[in-house]
Structures are given as C-alpha cells and as structure tokens.
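The values are calculated or read from the model by the stated rules, or taken from the named source; none is laboratory data. As the structure is a computational prediction, the values presented were derived from the model and not from experiment. Don't worry about glycine lacking a Cβ; one is built from the backbone with ideal geometry, like all the others, and counts go over all protein chains shown.
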Amino acid sequence: MKELLQFELKRCFHGRKFLFALTAGAVISICHIIFSVLPLVQWLDGWQGDLFLTPHSVYGHWIGMDAATIWPTLLYLLFPLFAALPCADSAFWDFHSGYCMQIIARGKKRHYVFAKWITIFLSGALVVLVTLCFDFALCCLFLPMVRPEALTNLYGINDRSFLTQWFYRMPLLYTAVYIVMDAVFIGAWGCLVLASSVLLPNRLQSAITPFLFYLLTYFVFNWLHFDRFALFAIALPFQPAQDVSLLTFFVYIFVVPALSFFFYFKKRERSDVL
C-alpha cells in the first residue's frame, strides 16, 4: 500500500496536468488582484484618521469574499475541473493498459484503488488550497487586515450564515477554516473521477464529468430555489446560500466519495479488468 501510494503521488504531482491546474488557478488569482484589488489601493489614504470610515479590508476583497466581481465565480466554477485534471487521465488509462493486470497478479487490487483515491483527493484539495492561499497572500500585500464590522453592512455574512461569529470576531480563523473546507469539498467531489473512469468510454469524458455534474447540480438546485444544497453556493466563502445544514456538508464530504467507490467496484466486479 505504501509503495503504491508513493508511486501514485509522485506520478500525479510530477505530472504536467497538476502543474497546469496550479498555473490556471494562479492566473485567475493574479487577474483578480490586478483588476479587482489594485484599483482599491488608491482609496486607502482617504480613510486615514477618520474614525467613522472603514477602509477596504483583505477579509472582504480576497477572491473568496469578493462578491462584486466575476473572478470568484469563474474560479469556483472551474475548481472541480482543475481538481480532477491531475489524476483523471491516469485513472482512465490504467484500466486500458497492462498496468492493472500487474496489480491483479500481485493481489493488490484494493491497495491500488485506495492509493488512487487518496491521490485524487489530495491532488484536488491541494490545487484548491494553494490557489486560495496564494490569492489571500497577494491580497494581504495591498490591503490592510482590518477586522470586519457588522454595522457597516459591507459584508453578506449575517446571522443565517455559517460561522457568522467567527467572521466578525476572528476573521483570519474564519478564512483559514473556509479555505480548508473548500479544499476538502472539492477534493471529495473530484473522487467522482473513479466512477467516471469505469462508466464512460473515453478519457476526455472521464476527466470532465465531475465538472459537468457540478454545474448540473448547481443549475438544478438553483432552478428549484434550493441553493443551500448546491456545492458551488456552499463553497463560496461569502455564502450566497444561507441556512446550510451540517448534513449537507456530510453528504459532500463522505457520501459523494462513497457513491463513487460503489459504482467503481460494482462495475469492476462485472469486468475482467480490476
């Protein structure tokens, strides 16, 4: 198990697609800084010495909290694609080459599957974690870390939001927790690649399935006015969806990967290959 996991991790993290996913996320973050954050810097001097005004804060303008521009929407829509990209191709290719037969011959079928699952989860989570931390760090270079004030009505976080008190009392902790949560959510969602690699006929379909299903669930829930169940709305730190249940978090973190495992093993039990 350890050797297989080390091999899969090295195979993923040294691949071009993992680098591409990180680069794509960084490009969107840089565009956000250039077009949405830098124009705010010129107004900072106007707030100095005025006790009745609050300057633009990094907590309200890093990409996770910037509800007024297109960049968070673009990034969070593409996150499932970026997260699945590093391993999606290899998950499909393994089952159509001699590699799987070697694993079967050595009696390490389940070891391989769990190593692949861990790799898919970690690669997806790392893409999200690095991208969001990179944007937050860049934003900190230009805007002050002024604690949000609820009375200013500048933020969409209210008493129906998740971790409201943390946002207004410990905003740095709120930001860190949400970044980690997003990494876990998207990493778990990326595990759908396991199921798509055995259910679909070509590697391109397998790679984009988590992304397409992510969009489909958002549009369906939005149409039904159940935004609080859509992962896209839940993952955004400025929380367009409110009254989100902890059960919904549980479903996305545990049930989605479990269903992916179920379809994976169900399909492979009927196949001669893994």
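Annotation: Thr152 fulfils all but one of (1) modelled with pLDDT under 90; (2) touching a Lys or Arg at 6+ places or on another chain (Cβ under 8 Å); the unmet one is (2). Among the residues making up region 12-27, a single one is exposed (fewer than 15 other Cβ atoms within 10 Å of the Cβ) and of a type in the set (D, E, K, R): Arg16. Here is a check on your reading of the model: is Asp182 more than 23 Å from Phe114 (Cβ to Cβ) and modelled with pLDDT of 95 or more? In short, yes.
Yes/no per residue for (1) under 21 Å from Phe232 (Cβ atoms); (2) among the polar types (S, T, N, Q):
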| position | (1), (2) |
| --- | --- |
| Cys139 | no, no |
| Asn153 | no, yes |
| Gln165 | no, yes |
| Pro171 | no, no |
| Val177 | yes, no |
| Phe185 | yes, no |
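Considering only region 240-247, I want to know if a residue exists there that is in contact with a Ser or Thr (Cβ under 7 Å, 6 or more places away or on another chain), modelled with pLDDT under 90 and under 16 Å from Met65 (Cα atoms).
Filtering region 240-247 for residues in contact with a Ser or Thr (Cβ under 7 Å, 6 or more places away or on another chain) gives 242.
Filter once more, so that each one left must be modelled with pLDDT under 90: 242.
Right, trim to under 16 Å from Met65 (Cα atoms) and you get 242.
There is at least one residue in region 240-247 that is in contact with a Ser or Thr (Cβ under 7 Å, 6 or more places away or on another chain), modelled with pLDDT under 90 and under 16 Å from Met65 (Cα atoms).
So which residues in region 144-172 are assigned to a helix (DSSP H, G or I) and closer than 19 Å to Leu246 by Cα?
Narrowing region 144-172 to residues assigned to a helix (DSSP H, G or I): 150-152, 164-169, 171-172.
Correct list: Thr164, Gln165, Trp166, Phe167.
Under the condition of being in contact with a Phe, Trp or Tyr (Cβ under 7 Å, 6 or more places away or on another chain) and under 12 Å from Phe162 (Cβ atoms), which residue from region 235-264 is surrounded by the fewest Cβ atoms within 10 Å (Cβ to Cβ)? Taking the candidates together, the pick is Thr248. Of the residues contained in region 177-192, one or more are found to be surrounded by fewer than 17 Cβ atoms within 10 Å (Cβ to Cβ) and without any contact (Cβ under 8 Å) to a residue 40 or more places away in the chain.
Counting only helices (runs of 4 or more DSSP H) that sit completely within region 1-43, those holding 3 or more residues that are of a type outside the set (A, V, I, L, M), at pLDDT 95 or above and under 20 Å from Met65 (Cβ atoms) correspond to 16-32. Selection of region 209-233 for residues being among the β-branched types (Val, Ile, Thr) and surrounded by fewer than 18 Cβ atoms within 10 Å (Cβ to Cβ) yields Thr217, Val220. Residue count for region 21-40, restricted to those that are in contact (Cβ under 8 Å) with a residue 60 or more places away in the chain and under 18 Å from Thr73 (Cβ atoms): 8. Taking the criterion of being farther than 16 Å from Ala67 by Cβ and of a type in the set (Phe, Trp, Tyr), the residues of region 154-169 that qualify are Trp166, Tyr168.
Find the residue count for region 190-240, including only residues that are small (Gly, Ala, Ser), part of a helix (DSSP H, G or I) and under 15 Å from the mean Cα position of the chain (by Cα). Counting residues in region 190-240 that are small (Gly, Ala, Ser), part of a helix (DSSP H, G or I) and under 15 Å from the mean Cα position of the chain (by Cα) gives 3.
Could you list all residues from region 166-201 that are under 21 Å from Pro55 (Cα atoms) and either among the polar types (S, T, N, Q) or in contact with a strand residue (DSSP E or B) (Cβ under 6 Å, 6 or more places away or on another chain) (or both)? Once the filter is applied, which keeps residues that are under 21 Å from Pro55 (Cα atoms) and either among the polar types (S, T, N, Q) or in contact with a strand residue (DSSP E or B) (Cβ under 6 Å, 6 or more places away or on another chain) (or both), region 166-201 yields only Thr175.
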